[in-house]
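To start, the structure itself, in structure tokens.
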Amino acid sequence: MGGFYFKFKREMRKIGVEHKSILMLLAGFLMLTSCEEVIDLDLQKAGPRIVIDGSISNQNENHVVRISKTIPFDAPNTFNGLKGAKVSLITPGGTSVSLSEISDGIYRSPQFRGTPGMTYKLEVIAEGRVYTASSTMPYPVLPDSISFKKLSFFGNTRIYPNVYYKDPAKVQNQYRYILKVNDKQQADIVFEDRFNDGNNVSDLIIYDSEDDLKPGDVLNIEMQTIDRNVFKYYYAIGQIKGENGPPVAPANPESNFSNGTLGIFNAFTKSSVTITLK
Amino acid sequence: MLMLRIKNILRVFIILMVFSINVKAQENFTITGLITDSLSGETLIGVSLKFTGKTQLGTSTNAYGFYSYKLSPGEYTLSVSYIGYRSVNKKINVDKDIRLDLKMIPDNVLDEIIISSEKRNDNLINAQMGIAKVNLSEIKNVPVLFGERDILKTIQLIPGIKPAGEGNSGFYVRGGAADQNLILLDEAPVYNASHLLGFFSTFNSDAIKDVSVYKGGMPAQYGGRLSSVLDIRMNDGNKKEYTAEGGIGLISSRLKVEGPLSKDKSSFMISGRRTYADAFLAFSGDSSIKNNTLYFYDLNAKANYQIDSKNTLYMSGYFGRDELGLNETFGFGWGNATATLRWNHLFSNRLFSNTSLIYSNYDYKIENFLEENSFKVNSSIRDLNLKQDFQLSLNNSHNLRFGTDLIYHRIRPGEVQPGEKSSVNLIAVEDRKGSEIAAYISDEWEVNEKLNIVYGLRTSSFMLLGPGNFSSFDRSGNITATSFYQDGKLVKSYFNLEPRISAAYQLNEEASFKGSYTRNSQNLHLMSNSTASSPTDLYIMSSNNVKPELADQISLGYFRNFNDDKFEFSTEVYYKKLQRQIEYRSGTDLRANTNVEADLLYGDGRAYGIEFFLKKRFGKLNGWLGYTLSRTERKFDEIENENWFLAKQDRTHDLSVVGIYKAGERWTLSSTFVYNTGNAVTFPAGKYQLNNNTVFYYSKRNSDRMPNYHRLDFSATLEGKPGRKVNSSWSFGIYNLYNRKNAFSIDFRDDPDDASKTQAVRTTLFGIIPSVTWNFKF
């Protein structure tokens, strides 16, 4: 039943109705004949495409832009960094800050702080083409508290972190959470306030790991406020995975870069909390 | 302008009709009547009648078992035949108008080959093409999943009709989408025809009398959907005696009771079914398992009253529901309710009228009980429908049908209601209201002994009505204007003319050519870009942003019977052009979305193919073989740079074989085999890392294929010894006999044991599944 549980985590998404997990459940109930199996598939190998993953935060830190190229499906998961790109962040005043390449494909800015409410632009010149994107840094929203919630699904009881905060009224807000357990990333999910604008909200951080949280685990939860396009980008990635409803026909998420390249430029605010589970 | 166009078209139509009706001086007489089953008194639909005099002429009974035919005076031999019944031959002398009601005796032993002298070749003569009739006795014997007889699964074995997925009762017809099928149960549209997310259809075959599917050449009396019409009629109820029948299966049980309310005048039928899959849960000691619910039930009921030989009333209804609950955290229920009130009236022995008042409602409810996020969602689509149909037999070569159809739609996309302590806000998405007004006229014209033509015209107008705020959007989905409309005020209207024509030319006694052209329009659109259908799929109406979908279909066919009509062969080619098809942008959230139209994309479609069908109609061994070779494509400005790409329903090859063998007195063995090319899908063509997550890169849309699908099923039915008071039978079935692991889905993910790798994971829903059902009748 572990598989069902795993599938059912998505049930708990706000209004999500996880179609496939219900199907699996039904089929499983009816005859317990459904099964999952790893198979070999001969997939197409499209020529490499450029991927830009850039961000700027409201913290006084080095902002990082990662530029890479896609790799074939059957290659090992590596960051296929792209060397020698010219990367600059353009501040609202028009000042261009260039980023220096610290290792293959990783470009870093000098330390400075982004300002909420401002629109930042990222310009990348790679392999003779110019890619630009802009993102507006939202105002920060801080978590009030974090609690843990016990939920049972099909014989499995698990605990999940639950983040409480006050959503600013009459503004469209989008949130992203990155959960690390013992320094290992376990969740990267986005929420919006469409259903709870202006309220005291609690967001449940559902994590992928097959392992349950246990006493002694060190949790780091980073809460971000992100702009609408960034939210839609991550939402689309989740949708293809079947979060928030039946899986949709897969397509590349809509990027905020010109030239239709892959990736996203995210101007965000962040606050993070570290807790040791007792 | 528009009115002028309509007038011109109507004028042409009238001229055509006047010309074609050759006014003869000779006086003709009308023969009319009702054809019923001699044991139960059920009216019989589609019974073939042939009048052999100097020439051979023919007609068939309509959906109410009624026929009317105009003949010149003289002596005729009337031959009446219907599958599963003994043929009737009768000499008639036509010297006045005749009322002739006939009772047909069922053939208990279906297989006994009574090759009668008369031809059973209606399939050649009839101008209608692209039609498939499913015999209820075939449905009874075709093996199905879990032993649940299922109309929708059985029609998927017909060429041109393909299942939407493994074990799914959703279907695609000739490259159309699942929402382009008009599914009618006693004339009431059924918006979600599946239970348990598609494993079972809402149609309990105990309660069904007749099933017809139109894949092409749609008659003018049907409209509102682009691709097909599935017309299902319920049993009226036994007029002679009380009977009960039912079945006990592994996951569900059924019971049907019927009988006369007043003998030969009035009868009723009630049929119910419920699953008990969740009963197994109770055995679990774990409360988080025990407290889940999962079941569906449905109820069909019908009553009729024959007031006199000219008036009959019918009342029928359907109610079904699915309930799913997860351990006090999540509840989900959905279902249809339909009701039909019909009045058959004979104005004269030449003019038959049917008036129907129809109600249909589909709704779903979602409840989340998690404290801070608790909420309820209610969503529904409701139709009120008034239909008037006339059938007029003009003379022995013209049969007219005309009528009107008024529908009032109300769509409630969903209201999110917060629970106590919930942080969710009340979100109300406005209801949408609209009316469809259609009128049609068609003429079935026997030009001569060789040529039969059905031609007609349907006009369809749609009006989107207030109240509400209606926004317009630019190409990138931004609101350009919003205006408020009062209750009942017209927001937008559309008008479409839908010509329909089909013709059959009989080459000889055993072969004919047929051709047809039809245009259909559709004003209700199902929003679903998902890979499978879901009870929460959203319907929208045509609006200031969304235009009606249009389809033009041309088909040509060759029909041939062999061996005294024992074998029937047909092949049809079709080309279908679809306009204003709808997709939506990636990342669109349909849940309680007030501006869903902002995220829609519009494009074209085309579908073409060739279908082969060979059927053995009588004998100890019967069954059929169907094969389709086809292609279905779509083209959108915003997708694939305006290039044609394969639609998700594209399947190159599709083969089905059905065999039913009557082995001795009591055993019936049957088997089906299906094979089809895997669906067109999009698989990753690469991958990249984004914040420590693997994200897949997709290149051309739907340029990959799921693995080919094939499966062999088997079933055996043992009838009880004849002559007993309680008639019982056992059905044994094996689904997926050789345990083929067909892919329901293929997902891509990081290897859970080694994060440096990615893997493809195939989910198989059903391996080999045995089933057993006990059926009884008394």
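The values are calculated or read from the model by the stated rules, or taken from the named source; none is laboratory data. Note that the coordinates shown come from a computational prediction; the quantities given were computed from them, not determined experimentally. Every residue, glycine as well, gets a Cβ built from its backbone with ideal geometry; the counts of neighbours run over all protein chains shown.
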Note on B:Leu712: of the conditions (1) more than 30 Å from B:Glu241 (Cβ to Cβ); (2) within 14 Å of another protein chain (Cβ to nearest Cβ), unmet is (2)
Subset of segment B:548-602, residues on the phi > 0 side of the Ramachandran plot and more than 14 Å from chain A (Cβ to nearest Cβ), comes to B:Asn563, B:Asp564, B:Asp565, B:Arg580
With the first residue restricted to segment A:173-200 and required to be within 9 Å of chain B (Cβ to nearest Cβ) and within 24 Å of B:Gly419 (Cβ to Cβ), and the second required to be assigned to a strand (DSSP E or B) and among the basic types (Lys, Arg), Cβ contacts under 7 Å at 6 or more apart or on different chains are A:Asn200/A:Lys166
By residue number, the members of segment B:437-487 that are surrounded by fewer than 11 Cβ atoms within 10 Å (Cβ to Cβ) and basic (Lys, Arg) are B:Arg475
Please verify whether segment B:422-433 includes one or more residues that are part of a strand (DSSP E or B), hydroxyl-bearing (Ser, Thr, Tyr) and either touching a residue at least 24 places away in the same chain (Cβ under 8 Å) or not assigned by TED's automatic domain parsing to the domain that holds B:Gly223 (or both).
no
For segment B:656-669, pairs from a residue that is outside any strand (DSSP E or B) to a residue that is among the acidic types (Asp, Glu), with Cβ under 7 Å and 6 or more apart or across chains, are B:Arg666/B:Glu719
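Select from segment B:553-569 the residues that are surrounded by fewer than 21 Cβ atoms within 10 Å (Cβ to Cβ) and either in a strand (DSSP E or B) or not assigned by TED's automatic domain parsing to the domain that holds B:Gln649 (or both) and list them in ascending order.
Taking segment B:553-569 as the starting set, the residues that turn out to be surrounded by fewer than 21 Cβ atoms within 10 Å (Cβ to Cβ) are B:554, B:556, B:558, B:560, B:562-569.
Across segment B:553-569, the qualifying residues are B:Ile554, B:Leu556, B:Tyr558, B:Arg560, B:Phe562, B:Phe567, B:Glu568, B:Phe569.
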The strands (runs of 3 or more DSSP E) lying entirely within segment B:436-552 that contain at least 2 residues which are in contact with a Ser or Thr (Cβ under 9 Å, 6 or more places away or on another chain) and either closer than 29 Å to B:Ser169 by Cα or in contact (Cβ under 8 Å) with a residue 60 or more places away in the chain (or both) are B:451-465, B:468-473, B:490-508, B:511-522, B:524-527
All-but-one check, A:Lys86 against (1) touching a residue at least 40 places away in the same chain (Cβ under 8 Å); (2) within 12 Å of chain B (Cβ to nearest Cβ), failing number (2)
Within segment B:449-456, does at least one residue satisfy the condition of being touching a Gly at 6+ places or on another chain (Cβ under 9 Å), at pLDDT below 95 and more than 30 Å from A:Gly198 (Cα to Cα)?
yes
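I'm trying to understand the selection: among the residues of segment B:308-329, which are part of a strand (DSSP E or B) and in contact (Cβ under 8 Å) with a residue 40 or more places away in the chain?
The answer is B:Thr312, B:Tyr314, B:Ser316, B:Tyr318, B:Gly320, B:Asp322.
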Residues of segment A:119-141 being over 18 Å from the mean Cα position of the chain (by Cα) and in a loop (DSSP other than H, G, I, E, B), in sequence order, are A:Glu127, A:Gly128, A:Tyr139
Considering every residue within segment A:162-179, establish whether at least one is crowded, with 19+ Cβ neighbours inside 10 Å and more than 30 Å from A:Lys278 (Cα to Cα).
yes
How many residues of segment B:743-770 are buried (at least 19 other Cβ atoms within 10 Å of the Cβ), part of a loop (DSSP other than H, G, I, E, B) and within 7 Å of another protein chain (Cβ to nearest Cβ)? The answer is 2
Might you let me know whether segment B:587-602 holds any residue that is within 26 Å of A:Asn229 (Cβ to Cβ), within 23 Å of the chain's Cα centre (by Cα) and surrounded by 18 or more Cβ atoms within 10 Å (Cβ to Cβ)? no
If we keep only residues of segment A:178-205 that are assigned to a loop (DSSP other than H, G, I, E, B) and not polar (S, T, N, Q), then the residue nearest to A:Val163 (Cα to Cα) is A:Ile205
When restricted to B:Val674, B:Val695, the only residue assigned to a strand (DSSP E or B), of a type outside the set (Asp, Glu) and without any contact (Cβ under 8 Å) to a residue 40 or more places away in the chain is B:Val695
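Filter segment B:87-99 for residues that are buried (at least 16 other Cβ atoms within 10 Å of the Cβ) and either in contact with a His (Cβ under 8 Å, 6 or more places away or on another chain) or free of Cβ contacts under 8 Å to residues at least 40 places away in the same chain (or both) and give the result. Working first, answer last.
Pass one, segment B:87-99, residues buried (at least 16 other Cβ atoms within 10 Å of the Cβ): B:87-88, B:92, B:94, B:98.
Passing the criteria: B:Ser87, B:Val88.
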